[in-house]
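J.: The structure under discussion is supplied below as structure tokens; questions concerning it will follow.
The values are calculated or read from the model by the stated rules, or taken from the named source; none is laboratory data. It should be emphasised that the depicted structure is a prediction, and the values quoted were computed from it without experimental measurement. Cβ placement follows ideal geometry from the backbone for every residue including glycine, while neighbour counts extend to all protein chains displayed.
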Amino acid sequence: MTALAESDGGIVACWSCRGPVASLALFCHTCGAVQPPRQVDHFARLGLARGFEIDLAELDRRYFGLQRNLHPDRFARRGAKERAIAESQAASLNQAYETLKEPLARAAYLLELAGRRSAAAHAATVDDAELLTEAMENREALMEAEDGAAVERIAVTAKASAEACLAELAQAFRRDDIEKADQLATRLRYWQKLAEEARGKRRLLEDAAP
Ligand SMILES: [Zn+2]
């Protein structure tokens, strides 16, 4: 029998018994051997439809369900090869989960899948005059803020703007407007960063307080 190619209707050959196994199955149903991670996107790996709006409870359920089956204790008595395969399968699931659970990382990943080298994912130059002006003004305001209330105002603005941005981002992905989604993802990254900086400044002020 010839080895089955990965493209053959999602059926691949088990590395251990060479029997057919569904490409996304963790285990061979014939011999029970754990299967290596396949070349699929993070959504497919976790059994979710590709899109920005995902059910986070479903994401958790699928991820923890799969991860439970890969716990190292289950492979303690298996050979070194199976242990290594289980580890790489677990690492692929972790990477998929970490990417999909955070909206910004998920957006950047979707943009990457759409063939865009997004500024939200890479520290690329931001080509958004409005955003750059806003960023400069807010940085200045944050630098000059001398009390908790002033910092809090900036933090509240940043949080509200990030939330508004997130809603717009979902709409852009729904319309399949990749260019707009890219711009919004960069904005989201900015607002999240500003919120983080405001938290940092608040801690500084608190530490300095007598
Ligand atoms: Zn097998």
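J.: Inspect all residues belonging to segment 68-87 and state whether any of them is charged (D, E, K, R), part of a loop (DSSP other than H, G, I, E, B) and over 28 Å from the mean Cα position of the chain (by Cα).
T.: yes
J.: Continuing with this model, one more query. For segment 152-171, indicate whether the set of residues that are surrounded by 19 or more Cβ atoms within 10 Å (Cβ to Cβ) and over 23 Å from the mean Cα position of the chain (by Cα) is non-empty.
T.: Yes - at least one qualifying residue is present in segment 152-171.
J.: Anything in segment 113-127 that is modelled with pLDDT under 80 and out of contact with any Asp or Glu (no Cβ under 8 Å at 6 or more places or on another chain)? List them, or say none.
T.: Across segment 113-127, the qualifying residues are Arg117, His122, Ala123, Ala124, Thr125, Val126, Asp127.
J.: Quick check, is Arg175 surrounded by fewer than 21 Cβ atoms within 10 Å (Cβ to Cβ) and not polar (S, T, N, Q)? Quick ask: steps written out before the conclusion?
T.: Values: surrounded by fewer than 21 Cβ atoms within 10 Å (Cβ to Cβ): yes; not polar (S, T, N, Q): yes.
When the stated conditions are applied, Arg175 passes them.
J.: Something else now. Residues of segment 2-12 being within 13 Å of the ligand (Cβ to nearest atom) and either at pLDDT 95 or above or in a loop (DSSP other than H, G, I, E, B) (or both), which ones?
T.: Correct list: Ala3, Leu4.
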